[in-house]
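The values are calculated or read from the model by the stated rules, or taken from the named source; none is laboratory data. Since the structure is predicted, the reported quantities are computational estimates derived from the model, not experimental observations. Every residue, glycine as well, gets a Cβ built from its backbone with ideal geometry; the counts of neighbours run over all protein chains shown.
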Amino acid sequence: MATQKMLKFVSTEREMPAKRDAAERSEDFHEIYQEYAAAKAAEQAGRCSQCGVPYCQSHCPLHNNIPDWLRLTAEGRLEEAYHVSQSTNTFPEICGRICPQDRLCEGNCVIEQSGHGTVTIGAIEKYITDTAWEEGWVKAVSPRHERTESIGIIGAGPGGLAAADSLRRKGFQVTIYDRYDRAGGLMTYGIPGFKLEKDIVLRRNKLLEDGGVEFVLNCNVGEDISFDAIRGKHDAVLIATGVYKTRDLDIDNAEAGGVVRAIDYLTASNKVDFGDDVPDFADGELDANGKRVVVIGGGDTAMDCVRTAIRQGAQSVKCLYRRDRTNMPGSQREVQNAEEEGVEFVWLSAPGAFTGHVTGVAAEAQERDVDDVAQIASVRIQKMRLGAPDVSGRQSPELIEGADYDEPAELVIKALGFEPEDLPKLWGTDGLDVTRWGTIKADFSTHRTSLPGVYAVGDIVRGASLVVWAIRDGREAADAIETFLTGEARVAAE
Ligand code: FAD
Ligand code: SF4
Ligand code: SF4
(Lines give C-alpha, C1' and ligand atoms only; values in the text may rest on other atoms or scores of the structure.)
(Ligands and ions follow the chains in the order given, each with its own letter.)
Protein backbone atom coordinates (compact mmCIF):
# COMPACT_ATOMS: atom_id res chain seq x y z
CA MET A 1 0.00 0.00 0.00
CA ALA A 2 1.39 3.37 -0.92
CA THR A 3 1.86 6.04 1.75
CA GLN A 4 3.17 9.58 1.48
CA LYS A 5 6.62 8.21 2.33
CA MET A 6 6.70 6.14 -0.85
CA LEU A 7 6.77 6.78 -4.61
CA LYS A 8 9.68 9.22 -4.30
CA PHE A 9 11.52 7.91 -7.36
CA VAL A 10 10.90 11.06 -9.40
CA SER A 11 12.13 13.51 -6.77
CA THR A 12 14.86 11.34 -5.17
CA GLU A 13 17.85 10.12 -7.15
CA ARG A 14 19.04 6.55 -6.78
CA GLU A 15 22.02 6.45 -4.42
CA MET A 16 24.08 3.42 -3.47
CA PRO A 17 25.96 3.45 -0.15
CA ALA A 18 29.32 5.19 -0.57
CA LYS A 19 32.10 3.09 -2.07
CA ARG A 20 35.55 3.33 -0.52
CA ASP A 21 38.16 5.02 -2.69
CA ALA A 22 39.76 2.52 -5.11
CA ALA A 23 43.32 3.25 -3.99
CA GLU A 24 42.43 2.77 -0.33
CA ARG A 25 40.33 -0.37 -0.76
CA SER A 26 42.95 -2.05 -3.01
CA GLU A 27 45.20 -2.24 0.04
CA ASP A 28 42.94 -4.47 2.14
CA PHE A 29 40.27 -7.21 2.07
CA HIS A 30 37.50 -5.24 3.76
CA GLU A 31 34.15 -4.71 2.01
CA ILE A 32 34.13 -1.83 -0.42
CA TYR A 33 30.62 -0.47 0.24
CA GLN A 34 29.85 1.45 3.40
CA GLU A 35 26.55 1.15 5.30
CA TYR A 36 23.63 3.53 4.68
CA ALA A 37 22.91 5.95 7.49
CA ALA A 38 19.36 5.39 8.83
CA ALA A 39 17.93 8.48 7.11
CA LYS A 40 19.48 7.52 3.76
CA ALA A 41 18.13 3.95 3.94
CA ALA A 42 14.63 5.32 4.65
CA GLU A 43 14.95 7.84 1.81
CA GLN A 44 16.13 5.24 -0.71
CA ALA A 45 13.44 2.71 0.36
CA GLY A 46 10.87 5.49 -0.17
CA ARG A 47 11.70 5.55 -3.89
CA CYS A 48 9.72 2.31 -4.34
CA SER A 49 6.40 2.72 -6.13
CA GLN A 50 4.78 -0.23 -4.26
CA CYS A 51 3.85 -2.07 -7.43
CA GLY A 52 0.69 -4.18 -7.36
CA VAL A 53 2.57 -6.83 -9.31
CA PRO A 54 6.14 -6.47 -8.01
CA TYR A 55 8.52 -7.82 -10.66
CA CYS A 56 11.39 -7.40 -8.18
CA GLN A 57 9.74 -10.06 -5.99
CA SER A 58 8.97 -12.48 -8.80
CA HIS A 59 12.61 -12.28 -9.99
CA CYS A 60 14.02 -12.89 -6.51
CA PRO A 61 14.63 -16.66 -6.19
CA LEU A 62 13.28 -16.48 -2.61
CA HIS A 63 10.27 -14.37 -3.61
CA ASN A 64 11.18 -11.96 -0.84
CA ASN A 65 8.39 -9.62 0.14
CA ILE A 66 10.42 -6.64 -1.08
CA PRO A 67 7.71 -3.93 -1.32
CA ASP A 68 6.62 -4.58 2.28
CA TRP A 69 10.06 -4.37 3.84
CA LEU A 70 10.88 -1.29 1.75
CA ARG A 71 7.75 0.44 3.03
CA LEU A 72 8.51 -0.54 6.65
CA THR A 73 12.07 0.79 6.23
CA ALA A 74 10.80 4.06 4.75
CA GLU A 75 8.51 4.39 7.79
CA GLY A 76 11.37 3.69 10.22
CA ARG A 77 9.76 0.40 11.39
CA LEU A 78 12.99 -1.53 11.09
CA GLU A 79 12.32 -4.36 13.52
CA GLU A 80 9.16 -5.25 11.59
CA ALA A 81 11.08 -4.91 8.32
CA TYR A 82 13.62 -7.39 9.69
CA HIS A 83 10.94 -9.94 10.64
CA VAL A 84 9.32 -9.74 7.19
CA SER A 85 12.70 -9.98 5.48
CA GLN A 86 13.99 -12.97 7.47
CA SER A 87 10.74 -14.90 7.08
CA THR A 88 11.65 -15.77 3.47
CA ASN A 89 15.45 -15.52 3.54
CA THR A 90 17.79 -17.41 5.89
CA PHE A 91 20.71 -15.00 5.23
CA PRO A 92 19.30 -11.63 4.09
CA GLU A 93 22.43 -9.62 4.94
CA ILE A 94 24.54 -12.05 2.88
CA CYS A 95 22.25 -11.93 -0.17
CA GLY A 96 22.07 -8.13 0.16
CA ARG A 97 25.85 -8.11 -0.23
CA ILE A 98 26.52 -10.71 -2.92
CA CYS A 99 23.43 -11.46 -5.02
CA PRO A 100 23.93 -10.25 -8.59
CA GLN A 101 21.00 -7.87 -8.09
CA ASP A 102 21.36 -6.42 -11.59
CA ARG A 103 20.31 -9.83 -12.96
CA LEU A 104 17.64 -10.56 -10.30
CA CYS A 105 15.49 -8.20 -8.20
CA GLU A 106 16.94 -4.82 -9.18
CA GLY A 107 17.30 -5.66 -12.85
CA ASN A 108 13.52 -6.14 -12.95
CA CYS A 109 12.45 -3.16 -10.85
CA VAL A 110 9.85 -1.22 -12.86
CA ILE A 111 11.29 2.17 -12.05
CA GLU A 112 14.61 0.98 -13.50
CA GLN A 113 12.67 0.00 -16.63
CA SER A 114 11.14 3.51 -16.74
CA GLY A 115 14.59 5.12 -16.64
CA HIS A 116 14.66 6.39 -13.04
CA GLY A 117 17.27 3.98 -11.68
CA THR A 118 16.35 0.90 -9.69
CA VAL A 119 15.48 0.91 -6.01
CA THR A 120 18.68 -0.18 -4.21
CA ILE A 121 17.02 -3.36 -2.93
CA GLY A 122 20.17 -5.31 -2.04
CA ALA A 123 21.78 -2.47 -0.07
CA ILE A 124 18.54 -1.95 1.89
CA GLU A 125 18.15 -5.68 2.60
CA LYS A 126 21.71 -5.68 3.98
CA TYR A 127 21.04 -2.54 6.02
CA ILE A 128 17.90 -4.01 7.64
CA THR A 129 19.60 -7.20 8.85
CA ASP A 130 22.91 -5.57 9.79
CA THR A 131 20.82 -3.26 11.99
CA ALA A 132 18.95 -6.28 13.40
CA TRP A 133 22.27 -7.83 14.45
CA GLU A 134 23.40 -4.58 16.07
CA GLU A 135 20.09 -4.22 17.92
CA GLY A 136 20.06 -7.84 19.14
CA TRP A 137 16.91 -8.81 17.19
CA VAL A 138 18.61 -11.81 15.55
CA LYS A 139 18.08 -14.75 17.89
CA ALA A 140 19.20 -18.39 17.85
CA VAL A 141 16.54 -20.96 16.99
CA SER A 142 14.62 -22.30 19.95
CA PRO A 143 12.07 -24.86 18.69
CA ARG A 144 8.81 -25.16 20.60
CA HIS A 145 8.96 -28.97 20.49
CA GLU A 146 12.05 -31.14 20.09
CA ARG A 147 11.65 -34.11 17.75
CA THR A 148 13.69 -37.29 17.94
CA GLU A 149 14.32 -37.76 14.20
CA SER A 150 17.77 -36.70 13.01
CA ILE A 151 19.00 -35.43 9.67
CA GLY A 152 22.60 -35.67 8.47
CA ILE A 153 23.65 -32.87 6.12
CA ILE A 154 26.79 -33.28 4.04
CA GLY A 155 28.21 -29.85 3.21
CA ALA A 156 28.06 -26.65 5.27
CA GLY A 157 27.63 -24.20 2.39
CA PRO A 158 24.53 -21.99 2.05
CA GLY A 159 22.37 -24.91 0.84
CA GLY A 160 23.23 -27.12 3.82
CA LEU A 161 23.08 -24.27 6.34
CA ALA A 162 19.70 -22.98 5.10
CA ALA A 163 18.26 -26.49 5.37
CA ALA A 164 19.78 -26.89 8.85
CA ASP A 165 18.17 -23.67 10.04
CA SER A 166 14.72 -24.61 8.71
CA LEU A 167 14.94 -28.16 10.09
CA ARG A 168 15.95 -26.94 13.56
CA ARG A 169 13.01 -24.52 13.55
CA LYS A 170 10.81 -27.59 13.00
CA GLY A 171 12.47 -29.27 16.01
CA PHE A 172 14.56 -31.93 14.18
CA GLN A 173 18.05 -32.95 15.36
CA VAL A 174 20.59 -31.78 12.77
CA THR A 175 24.22 -32.74 12.23
CA ILE A 176 26.29 -31.11 9.47
CA TYR A 177 29.44 -32.79 8.18
CA ASP A 178 32.04 -30.74 6.27
CA ARG A 179 35.54 -31.51 5.08
CA TYR A 180 36.74 -27.97 5.81
CA ASP A 181 37.74 -26.65 9.22
CA ARG A 182 35.15 -23.84 9.08
CA ALA A 183 31.53 -23.90 7.98
CA GLY A 184 30.13 -21.64 5.24
CA GLY A 185 31.29 -23.43 2.07
CA LEU A 186 32.16 -20.98 -0.70
CA MET A 187 30.84 -18.10 1.44
CA THR A 188 33.82 -18.76 3.74
CA TYR A 189 36.53 -20.02 1.41
CA GLY A 190 35.55 -18.95 -2.14
CA ILE A 191 34.06 -15.45 -2.04
CA PRO A 192 36.68 -12.89 -0.94
CA GLY A 193 36.30 -10.59 2.06
CA PHE A 194 35.99 -7.44 -0.07
CA LYS A 195 32.56 -8.76 -1.18
CA LEU A 196 31.60 -10.58 2.02
CA GLU A 197 33.56 -10.08 5.22
CA LYS A 198 34.12 -13.34 7.04
CA ASP A 199 32.73 -12.36 10.44
CA ILE A 200 29.32 -11.97 8.71
CA VAL A 201 29.43 -15.69 7.83
CA LEU A 202 31.01 -16.86 11.09
CA ARG A 203 28.37 -15.18 13.25
CA ARG A 204 25.69 -17.07 11.25
CA ASN A 205 27.53 -20.37 11.85
CA LYS A 206 27.68 -19.61 15.57
CA LEU A 207 23.98 -18.73 15.65
CA LEU A 208 23.15 -22.13 14.15
CA GLU A 209 25.42 -23.84 16.68
CA ASP A 210 23.73 -21.88 19.50
CA GLY A 211 20.41 -23.09 18.12
CA GLY A 212 21.45 -26.73 18.49
CA VAL A 213 22.93 -27.62 15.09
CA GLU A 214 25.88 -29.99 15.54
CA PHE A 215 28.88 -29.35 13.27
CA VAL A 216 31.31 -32.17 12.49
CA LEU A 217 34.15 -30.35 10.72
CA ASN A 218 37.35 -31.70 9.14
CA CYS A 219 35.25 -34.69 8.13
CA ASN A 220 35.52 -35.67 4.48
CA VAL A 221 32.61 -37.94 3.65
CA GLY A 222 33.90 -40.80 1.55
CA GLU A 223 37.26 -40.75 3.38
CA ASP A 224 36.75 -40.12 7.11
CA ILE A 225 33.27 -41.61 7.22
CA SER A 226 31.36 -43.48 4.54
CA PHE A 227 28.14 -42.21 2.98
CA ASP A 228 26.44 -45.45 4.04
CA ALA A 229 27.53 -44.87 7.66
CA ILE A 230 25.91 -41.43 7.56
CA ARG A 231 22.72 -42.92 6.13
CA GLY A 232 22.77 -45.49 8.93
CA LYS A 233 23.08 -42.80 11.63
CA HIS A 234 20.27 -40.51 10.45
CA ASP A 235 16.61 -40.74 9.46
CA ALA A 236 17.22 -38.61 6.37
CA VAL A 237 20.31 -37.30 4.59
CA LEU A 238 20.83 -34.12 2.60
CA ILE A 239 23.70 -33.83 0.12
CA ALA A 240 24.88 -30.21 -0.31
CA THR A 241 28.48 -30.67 -1.38
CA GLY A 242 28.77 -28.05 -4.13
CA VAL A 243 30.93 -28.39 -7.25
CA TYR A 244 34.70 -28.17 -7.05
CA LYS A 245 36.23 -29.93 -10.10
CA THR A 246 37.95 -27.22 -12.14
CA ARG A 247 37.47 -27.10 -15.91
CA ASP A 248 40.87 -27.29 -17.54
CA LEU A 249 42.73 -26.08 -20.60
CA ASP A 250 43.88 -28.35 -23.38
CA ILE A 251 46.91 -26.37 -24.52
CA ASP A 252 50.71 -26.77 -24.52
CA ASN A 253 52.23 -26.69 -21.03
CA ALA A 254 48.85 -26.46 -19.33
CA GLU A 255 50.43 -27.86 -16.14
CA ALA A 256 53.45 -25.52 -16.02
CA GLY A 257 54.56 -24.19 -12.63
CA GLY A 258 52.88 -20.88 -11.83
CA VAL A 259 49.60 -21.99 -13.45
CA VAL A 260 47.08 -22.46 -10.64
CA ARG A 261 43.38 -23.19 -10.11
CA ALA A 262 41.14 -20.30 -9.03
CA ILE A 263 39.64 -22.27 -6.14
CA ASP A 264 43.10 -23.06 -4.69
CA TYR A 265 44.17 -19.45 -5.10
CA LEU A 266 41.04 -17.97 -3.48
CA THR A 267 40.91 -20.55 -0.67
CA ALA A 268 44.53 -19.80 0.22
CA SER A 269 43.87 -16.07 0.20
CA ASN A 270 40.83 -16.45 2.46
CA LYS A 271 42.78 -18.67 4.85
CA VAL A 272 45.59 -16.10 5.03
CA ASP A 273 42.90 -13.50 5.78
CA PHE A 274 41.82 -15.68 8.75
CA GLY A 275 45.46 -15.72 9.94
CA ASP A 276 45.97 -19.43 9.12
CA ASP A 277 49.31 -20.96 8.09
CA VAL A 278 49.17 -21.60 4.35
CA PRO A 279 52.41 -23.21 3.09
CA ASP A 280 51.52 -22.74 -0.63
CA PHE A 281 51.03 -19.05 0.01
CA ALA A 282 54.10 -18.69 2.22
CA ASP A 283 56.34 -20.29 -0.46
CA GLY A 284 54.97 -17.85 -3.04
CA GLU A 285 53.09 -20.32 -5.24
CA LEU A 286 49.64 -18.87 -4.47
CA ASP A 287 50.76 -15.32 -3.74
CA ALA A 288 50.50 -12.69 -6.50
CA ASN A 289 52.77 -10.19 -4.76
CA GLY A 290 55.17 -8.54 -7.24
CA LYS A 291 54.05 -10.77 -10.13
CA ARG A 292 52.57 -10.13 -13.53
CA VAL A 293 49.28 -11.98 -13.25
CA VAL A 294 47.00 -13.25 -16.00
CA VAL A 295 43.56 -14.53 -15.04
CA ILE A 296 41.68 -16.61 -17.61
CA GLY A 297 37.88 -16.42 -17.57
CA GLY A 298 35.03 -13.91 -17.60
CA GLY A 299 32.79 -15.07 -14.75
CA ASP A 300 32.43 -13.94 -11.15
CA THR A 301 35.23 -16.27 -10.01
CA ALA A 302 37.61 -14.57 -12.44
CA MET A 303 36.50 -11.16 -11.11
CA ASP A 304 37.27 -12.31 -7.55
CA CYS A 305 40.73 -13.55 -8.63
CA VAL A 306 41.76 -10.34 -10.41
CA ARG A 307 40.71 -8.19 -7.47
CA THR A 308 42.43 -10.50 -4.97
CA ALA A 309 45.66 -10.29 -6.99
CA ILE A 310 45.49 -6.48 -6.90
CA ARG A 311 45.17 -6.60 -3.10
CA GLN A 312 48.11 -9.00 -2.81
CA GLY A 313 50.32 -6.40 -4.53
CA ALA A 314 50.61 -7.84 -8.05
CA GLN A 315 52.79 -5.85 -10.44
CA SER A 316 50.03 -6.00 -13.09
CA VAL A 317 46.74 -7.91 -13.48
CA LYS A 318 45.21 -8.78 -16.84
CA CYS A 319 41.99 -10.66 -17.39
CA LEU A 320 41.63 -12.64 -20.62
CA TYR A 321 38.16 -13.36 -21.89
CA ARG A 322 37.33 -14.87 -25.28
CA ARG A 323 34.16 -12.84 -25.85
CA ASP A 324 33.61 -9.10 -25.32
CA ARG A 325 32.39 -7.04 -22.40
CA THR A 326 28.70 -7.24 -23.28
CA ASN A 327 28.86 -11.02 -23.67
CA MET A 328 30.69 -11.89 -20.48
CA PRO A 329 28.92 -13.88 -17.74
CA GLY A 330 30.38 -11.86 -14.83
CA SER A 331 28.52 -8.96 -13.23
CA GLN A 332 29.11 -5.57 -14.88
CA ARG A 333 29.24 -4.01 -11.42
CA GLU A 334 32.19 -6.23 -10.55
CA VAL A 335 33.97 -5.41 -13.83
CA GLN A 336 33.65 -1.73 -13.03
CA ASN A 337 34.97 -2.28 -9.50
CA ALA A 338 37.90 -4.26 -10.92
CA GLU A 339 38.74 -1.58 -13.50
CA GLU A 340 38.67 1.12 -10.84
CA GLU A 341 41.16 -0.96 -8.84
CA GLY A 342 43.58 -1.24 -11.77
CA VAL A 343 42.68 -4.48 -13.56
CA GLU A 344 43.09 -4.49 -17.34
CA PHE A 345 40.56 -6.52 -19.35
CA VAL A 346 41.81 -8.07 -22.57
CA TRP A 347 38.60 -8.86 -24.42
CA LEU A 348 38.29 -11.28 -27.34
CA SER A 349 41.42 -13.14 -26.24
CA ALA A 350 42.14 -16.75 -25.35
CA PRO A 351 45.29 -18.59 -24.24
CA GLY A 352 46.89 -20.62 -27.07
CA ALA A 353 49.83 -22.00 -25.07
CA PHE A 354 51.95 -21.36 -22.02
CA THR A 355 55.62 -20.83 -22.70
CA GLY A 356 58.48 -20.53 -20.27
CA HIS A 357 61.66 -21.85 -18.80
CA VAL A 358 62.60 -25.34 -19.91
CA THR A 359 63.11 -28.09 -17.32
CA GLY A 360 66.71 -28.49 -16.23
CA VAL A 361 68.08 -25.42 -17.96
CA ALA A 362 66.77 -22.82 -15.57
CA ALA A 363 70.19 -21.21 -15.34
CA GLU A 364 70.22 -20.37 -19.03
CA ALA A 365 66.45 -20.06 -19.06
CA GLN A 366 65.26 -19.22 -22.49
CA GLU A 367 61.71 -18.33 -23.25
CA ARG A 368 60.79 -20.99 -25.74
CA ASP A 369 57.66 -22.64 -26.95
CA VAL A 370 58.50 -26.25 -26.07
CA ASP A 371 57.04 -29.05 -24.02
CA ASP A 372 58.05 -29.65 -20.39
CA VAL A 373 58.05 -26.05 -19.30
CA ALA A 374 58.89 -26.01 -15.58
CA GLN A 375 57.87 -22.46 -14.82
CA ILE A 376 55.64 -20.20 -16.85
CA ALA A 377 57.09 -17.03 -18.36
CA SER A 378 54.36 -15.98 -20.77
CA VAL A 379 50.93 -16.73 -22.17
CA ARG A 380 50.57 -16.99 -25.92
CA ILE A 381 47.42 -14.98 -26.57
CA GLN A 382 45.19 -15.72 -29.53
CA LYS A 383 42.86 -12.98 -30.72
CA MET A 384 39.22 -13.79 -31.44
CA ARG A 385 36.23 -12.25 -33.18
CA LEU A 386 32.57 -12.98 -32.52
CA GLY A 387 30.95 -15.15 -35.19
CA ALA A 388 27.51 -16.66 -35.69
CA PRO A 389 25.38 -17.47 -32.64
CA ASP A 390 25.62 -21.04 -31.29
CA VAL A 391 22.68 -23.22 -30.11
CA SER A 392 22.42 -21.16 -26.92
CA GLY A 393 22.03 -17.99 -28.99
CA ARG A 394 25.42 -16.57 -27.91
CA GLN A 395 27.89 -15.54 -30.60
CA SER A 396 30.74 -18.05 -30.82
CA PRO A 397 34.30 -16.76 -30.63
CA GLU A 398 36.34 -17.45 -33.78
CA LEU A 399 40.12 -17.39 -34.05
CA ILE A 400 41.79 -14.55 -35.98
CA GLU A 401 44.75 -16.27 -37.68
CA GLY A 402 48.20 -14.74 -37.28
CA ALA A 403 47.29 -12.25 -34.54
CA ASP A 404 48.95 -14.18 -31.64
CA TYR A 405 51.33 -12.49 -29.24
CA ASP A 406 53.10 -13.36 -25.99
CA GLU A 407 52.05 -11.74 -22.72
CA PRO A 408 54.64 -12.08 -19.94
CA ALA A 409 53.29 -13.65 -16.73
CA GLU A 410 54.70 -15.21 -13.56
CA LEU A 411 51.27 -16.31 -12.27
CA VAL A 412 48.34 -17.59 -14.35
CA ILE A 413 45.02 -18.30 -12.64
CA LYS A 414 42.51 -20.59 -14.38
CA ALA A 415 38.94 -19.47 -13.64
CA LEU A 416 37.11 -21.46 -16.28
CA GLY A 417 34.22 -22.77 -14.22
CA PHE A 418 33.48 -25.80 -12.08
CA GLU A 419 32.06 -29.26 -12.61
CA PRO A 420 30.71 -31.82 -10.16
CA GLU A 421 32.90 -34.56 -8.77
CA ASP A 422 31.71 -38.11 -9.49
CA LEU A 423 30.01 -38.63 -6.12
CA PRO A 424 28.55 -42.12 -6.75
CA LYS A 425 32.07 -43.31 -7.62
CA LEU A 426 33.85 -41.37 -4.86
CA TRP A 427 31.40 -42.61 -2.26
CA GLY A 428 30.90 -46.10 -3.69
CA THR A 429 27.16 -45.50 -3.75
CA ASP A 430 24.93 -47.67 -5.88
CA GLY A 431 21.61 -46.22 -6.95
CA LEU A 432 22.38 -42.49 -6.62
CA ASP A 433 21.39 -41.26 -10.08
CA VAL A 434 23.26 -38.41 -11.75
CA THR A 435 22.53 -36.38 -14.89
CA ARG A 436 24.67 -36.48 -18.01
CA TRP A 437 26.55 -33.46 -16.60
CA GLY A 438 27.39 -35.41 -13.43
CA THR A 439 25.12 -33.35 -11.16
CA ILE A 440 22.85 -35.29 -8.80
CA LYS A 441 19.39 -35.98 -10.18
CA ALA A 442 16.83 -34.57 -7.75
CA ASP A 443 13.17 -33.66 -7.95
CA PHE A 444 12.82 -29.96 -8.79
CA SER A 445 10.64 -29.01 -5.82
CA THR A 446 11.12 -31.74 -3.19
CA HIS A 447 14.84 -32.23 -3.95
CA ARG A 448 14.42 -35.98 -3.39
CA THR A 449 17.09 -38.12 -5.09
CA SER A 450 16.78 -41.66 -6.42
CA LEU A 451 17.73 -43.04 -2.96
CA PRO A 452 14.95 -43.22 -0.34
CA GLY A 453 15.37 -40.60 2.39
CA VAL A 454 18.23 -38.88 0.54
CA TYR A 455 17.85 -35.30 -0.72
CA ALA A 456 20.23 -32.99 -2.60
CA VAL A 457 20.43 -29.21 -3.02
CA GLY A 458 22.54 -26.34 -4.30
CA ASP A 459 25.36 -26.48 -6.82
CA ILE A 460 25.68 -30.28 -6.73
CA VAL A 461 22.22 -30.36 -8.32
CA ARG A 462 22.15 -27.11 -10.33
CA GLY A 463 25.81 -26.94 -11.37
CA ALA A 464 27.73 -23.78 -10.40
CA SER A 465 25.02 -21.31 -9.44
CA LEU A 466 24.32 -18.70 -6.75
CA VAL A 467 24.08 -18.51 -2.97
CA VAL A 468 20.45 -17.37 -3.17
CA TRP A 469 19.43 -20.46 -5.18
CA ALA A 470 21.20 -22.75 -2.70
CA ILE A 471 19.27 -21.06 0.14
CA ARG A 472 15.98 -21.58 -1.68
CA ASP A 473 16.77 -25.26 -2.31
CA GLY A 474 17.79 -25.81 1.30
CA ARG A 475 14.56 -24.30 2.65
CA GLU A 476 12.42 -26.32 0.23
CA ALA A 477 14.26 -29.55 1.01
CA ALA A 478 13.67 -28.99 4.75
CA ASP A 479 9.91 -28.84 4.08
CA ALA A 480 10.06 -32.01 1.98
CA ILE A 481 12.11 -33.84 4.64
CA GLU A 482 9.55 -32.85 7.27
CA THR A 483 6.76 -34.29 5.12
CA PHE A 484 8.79 -37.45 4.57
CA LEU A 485 9.61 -37.99 8.25
CA THR A 486 6.30 -37.02 9.76
CA GLY A 487 4.45 -39.03 7.09
CA GLU A 488 6.64 -42.03 7.88
CA ALA A 489 6.08 -41.59 11.63
CA ARG A 490 2.33 -41.59 11.01
CA VAL A 491 2.53 -44.81 9.01
CA ALA A 492 4.66 -46.46 11.74
CA ALA A 493 2.21 -45.42 14.43
CA GLU A 494 -0.80 -46.81 12.54
P1 FAD B 1 29.16 -24.82 -1.37
O2 FAD B 1 29.06 -23.41 -0.94
O3 FAD B 1 30.20 -25.14 -2.37
O4 FAD B 1 29.38 -25.69 -0.07
C5 FAD B 1 29.62 -27.06 -0.17
C6 FAD B 1 30.29 -27.56 1.10
O7 FAD B 1 30.36 -28.97 1.02
C8 FAD B 1 31.70 -27.06 1.27
O9 FAD B 1 31.88 -26.49 2.54
C10 FAD B 1 32.56 -28.33 1.11
O11 FAD B 1 33.70 -28.32 1.94
C12 FAD B 1 31.59 -29.40 1.54
N13 FAD B 1 31.91 -30.72 0.98
C14 FAD B 1 32.08 -31.05 -0.32
N15 FAD B 1 32.34 -32.37 -0.43
C16 FAD B 1 32.34 -32.88 0.81
C17 FAD B 1 32.57 -34.17 1.36
N18 FAD B 1 32.84 -35.23 0.58
N19 FAD B 1 32.50 -34.33 2.70
C20 FAD B 1 32.23 -33.28 3.51
N21 FAD B 1 32.01 -32.03 3.04
C22 FAD B 1 32.06 -31.83 1.73
N23 FAD B 1 27.26 -16.69 -5.61
C24 FAD B 1 26.60 -15.55 -5.37
O25 FAD B 1 25.39 -15.58 -5.18
N26 FAD B 1 27.25 -14.34 -5.35
C27 FAD B 1 28.59 -14.24 -5.52
O28 FAD B 1 29.14 -13.15 -5.46
C29 FAD B 1 29.32 -15.43 -5.73
N30 FAD B 1 30.66 -15.39 -5.87
C31 FAD B 1 31.34 -16.55 -6.02
C32 FAD B 1 32.72 -16.50 -6.08
C33 FAD B 1 33.44 -17.67 -6.23
C34 FAD B 1 34.93 -17.58 -6.29
C35 FAD B 1 32.78 -18.91 -6.36
C36 FAD B 1 33.57 -20.16 -6.57
C37 FAD B 1 31.41 -18.96 -6.30
C38 FAD B 1 30.67 -17.79 -6.12
N39 FAD B 1 29.29 -17.81 -6.03
C40 FAD B 1 28.61 -16.65 -5.79
C41 FAD B 1 28.54 -19.08 -6.12
C42 FAD B 1 28.14 -19.59 -4.73
O43 FAD B 1 29.20 -19.46 -3.83
C44 FAD B 1 27.64 -21.02 -4.82
O45 FAD B 1 26.62 -21.10 -5.78
C46 FAD B 1 27.10 -21.50 -3.47
O47 FAD B 1 28.05 -21.36 -2.45
C48 FAD B 1 26.63 -22.96 -3.58
O49 FAD B 1 26.23 -23.40 -2.32
P50 FAD B 1 26.27 -24.96 -1.93
O51 FAD B 1 25.76 -25.02 -0.53
O52 FAD B 1 25.59 -25.74 -2.97
O53 FAD B 1 27.81 -25.39 -1.99
FE1 SF4 C 1 17.48 -9.37 -4.42
FE2 SF4 C 1 18.95 -11.47 -3.70
FE3 SF4 C 1 17.67 -10.08 -1.87
FE4 SF4 C 1 16.29 -11.59 -3.56
S5 SF4 C 1 17.73 -12.31 -2.01
S6 SF4 C 1 15.82 -9.48 -2.93
S7 SF4 C 1 17.52 -11.39 -5.43
S8 SF4 C 1 19.33 -9.32 -3.15
FE1 SF4 D 1 9.30 -1.23 -5.66
FE2 SF4 D 1 10.74 -1.66 -7.90
FE3 SF4 D 1 9.68 -3.70 -6.57
FE4 SF4 D 1 8.08 -2.03 -7.89
S5 SF4 D 1 9.59 -3.41 -8.80
S6 SF4 D 1 7.75 -2.85 -5.81
S7 SF4 D 1 9.21 -0.10 -7.60
S8 SF4 D 1 11.25 -2.28 -5.81
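Numbers below:
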quantity: In the stretch 235-292, the residues that are of a type in the set (A, V, I, L, M), assigned to a strand (DSSP E or B) and either assigned by the TED database to the domain that holds Ala314 or surrounded by fewer than 15 Cβ atoms within 10 Å (Cβ to Cβ) (or both); calculated: Val259, Val260
quantity: Residue list for the stretch 105-139, filter: closer than 30 Å to Glu209 by Cα, crowded, with 17+ Cβ neighbours inside 10 Å and without any contact (Cβ under 8 Å) to a residue 24 or more places away in the chain; calculated: none
quantity: Residue match in the stretch 96-112 (condition: closer than 22 Å to Ala38 by Cα, among the charged types (D, E, K, R) and more than 16 Å from ligand 1 (Cβ to nearest atom)); calculated: no
quantity: Pairs, first among the β-branched types (Val, Ile, Thr) in the stretch 424-445, second in a helix (DSSP H, G or I) and surrounded by 11 or more Cβ atoms within 10 Å (Cβ to Cβ), C-beta under 6 Å, six or more apart; calculated: Thr429/Phe227; Thr439/Val461; Ile440/Ile460; Ile440/Val461
quantity: Entirely in the stretch 120-189, the helices (runs of 4 or more DSSP H) that have 1 or more residues that are at pLDDT 95 or above, of a type in the set (A, V, I, L, M) and under 17 Å from Glu482 (Cβ atoms); calculated: 158-169
quantity: Which listed residue is surrounded by 22 or more Cβ atoms within 10 Å (Cβ to Cβ), closer than 27 Å to Gly428 by Cα, near ligand 1 (Cβ under 7 Å from one of its atoms) and not aliphatic (A, V, I, L, M), from Gly222, Gly185; calculated: Gly185
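Quick grid of which residues meet (1) out of contact with any Phe, Trp or Tyr (no Cβ under 7 Å at 6 or more places or on another chain); (2) assigned by the TED database to the domain that holds Ala268; (3) away from ligand 1 (no atom under 16 Å from the Cβ):
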| site | (1), (2), (3) |
| --- | --- |
| Gly155 | yes, no, no |
| Ala164 | yes, no, no |
| Arg179 | yes, no, no |
| Leu207 | yes, no, yes |
| Val216 | no, no, no |
